[in-house]
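J.: For reference, the structure I am asking about is given below.
The values are calculated or read from the model by the stated rules, or taken from the named source; none is laboratory data. All figures in this text were calculated on a predicted structure; none of them were measured in a lab. For neighbour counting, all protein chains shown are included, and Cβ atoms are generated from backbone atoms with ideal geometry for every residue, glycine included.
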Amino acid sequence: MPGSAPDFRFDAFRLSSRAGAISGTLDARSLPNVAESLVAGDDPVPIAWTIAGRASADDRPALEIDLTGSVPLVCQRCLGPVDWPVAQATEVLLARDEKELVRLDAEVDGEVILADRPLDPATLVQDELVLTLPFAPRHEGECPSARQ
C-alpha cells in the first residue's frame, strides 16, 4: 500500500559512502508518535521523504533527511484543524558505536545518531517529523472560526 511504512532497513554508512539515496512516502497516521498529534480522521496524511547519504562539511559520514507534506494539527487557540506545512531538511552525523556517539555529541552542534546496525527509514522519518511539529500549533493570524 502506498504510504505504508517501508519494510526494509538500510546500512547508513554504506549509503553515506556511496552518496546514495532512498525515498518514499509515508502516511503520518502510521507513525505512532506523530499520529497522536494529528486531528482525528481516516484520510491519509502523506509525507514524502528522502534519506541521502553524504559526507558532512568536515568529511564525516552523514545522512540528509528531507521531509515534505502537510499535517492536520489542532489549533491551540480555537481547537479547530490547522494544516501545518512540513518542509524540513536535517543533517545527521553517523556514529559507529556508543563511544563515538558520546564524543561526536560533545564535539558538534548538530544531530548525531547511532548507526551500529541497519536503520529503519520509518523510525528516522518519525523522529524528524516529531521534531518539526510545533508545541502549540495555531492558525496564522485570526482563526477561521473567529471570522464567522
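J.: Tell me the residue from ALA40, ALA48 that is free of Cβ contacts under 8 Å to residues at least 24 places away in the same chain and not charged (D, E, K, R), please.
T.: Values: ALA48 fails: free of Cβ contacts under 8 Å to residues at least 24 places away in the same chain.
The match here is ALA40.
J.: Now a separate question. Working only within the stretch 1-52, note down all residues that are of a type in the set (Phe, Trp, Tyr), modelled with pLDDT of 95 or more and over 12 Å from the mean Cα position of the chain (by Cα).
T.: PHE10, PHE13
J.: Being over 26 Å from SER30 (Cα atoms) and of a type outside the set (Ser, Thr, Tyr) is true for just one of GLU140, GLU128, GLU64. Which residue is that? Break it down into steps so the answer makes sense when it comes.
T.: On the way: GLU128 fails: over 26 Å from SER30 (Cα atoms); GLU64 fails: over 26 Å from SER30 (Cα atoms).
Within the list GLU140, GLU128, GLU64, the selection yields GLU140.
J.: If you don't mind, there's one more thing I want to ask. Kindly indicate whether any position in the stretch 127-143 is among the small types (Gly, Ala, Ser) and touching a Leu at 6+ places or on another chain (Cβ under 6 Å).
T.: Checked the stretch 127-143: no residue is among the small types (Gly, Ala, Ser) and touching a Leu at 6+ places or on another chain (Cβ under 6 Å).
J.: Restricting the stretch 118-141 to residues that are among the aliphatic types (A, V, I, L, M) and assigned to a loop (DSSP other than H, G, I, E, B), which is surrounded by the most Cβ atoms within 10 Å (Cβ to Cβ)?
T.: LEU133
J.: Here's a follow-up. Give all pairs with beta carbons closer than 9 Å in which a residue from the stretch 87-98 that is under 14 Å from PRO61 (Cα atoms) and free of Cβ contacts under 8 Å to residues at least 24 places away in the same chain meets a residue that is among the basic types (Lys, Arg) and surrounded by 21 or more Cβ atoms within 10 Å (Cβ to Cβ); count only pairs at least 6 apart in sequence or on separate chains.
T.: none
J.: Going by what's in this entry, would GLU128 be described as over 13 Å from the mean Cα position of the chain (by Cα) and of a type outside the set (S, T, N, Q)?
T.: On the way: over 13 Å from the mean Cα position of the chain (by Cα): no; of a type outside the set (S, T, N, Q): yes.
No: the conditions fail for GLU128.
J.: Looking at the stretch 25-54 only, could you name the residues that are farther than 22 Å from ALA136 by Cα, of a type outside the set (Lys, Arg) and touching a helix residue (DSSP H, G or I) at 6+ places or on another chain (Cβ under 7 Å)?
T.: Selection gives LEU26, PRO44, TRP49, ILE51, GLY53.
J.: Turning to a different aspect of this structure: For the structure I just gave you, tell me whether ALA115 is surrounded by 13 or more Cβ atoms within 10 Å (Cβ to Cβ), among the small types (Gly, Ala, Ser) and at negative phi.
T.: On the way: surrounded by 13 or more Cβ atoms within 10 Å (Cβ to Cβ): yes; among the small types (Gly, Ala, Ser): yes; at negative phi: yes.
Judged against the criteria, ALA115 is a match.
J.: When you go through ALA122, ALA115, ALA62 one by one, which is the residue that is among the small types (Gly, Ala, Ser), at pLDDT 95 or above and within 11 Å of the chain's Cα centre (by Cα)? Walk me through it before giving the result.
T.: Working: ALA115 fails: within 11 Å of the chain's Cα centre (by Cα); ALA62 fails: within 11 Å of the chain's Cα centre (by Cα).
Answer to the selection: ALA122.
J.: Test LEU79 against the stated conditions and say whether it is at pLDDT below 95 and closer than 23 Å to SER145 by Cβ. Don't jump to the end; show me each part of the working.
T.: On the way: at pLDDT below 95: yes; closer than 23 Å to SER145 by Cβ: yes.
Spelling it out, LEU79 is indeed at pLDDT below 95 and closer than 23 Å to SER145 by Cβ.
J.: If GLU140 meets every condition in (1) charged (D, E, K, R); (2) in contact with an Asp or Glu (Cβ under 9 Å, 6 or more places away or on another chain); (3) over 24 Å from ASP11 (Cα atoms) apart from one, which number is that one?
T.: Result: GLU140 fails condition (2) only.
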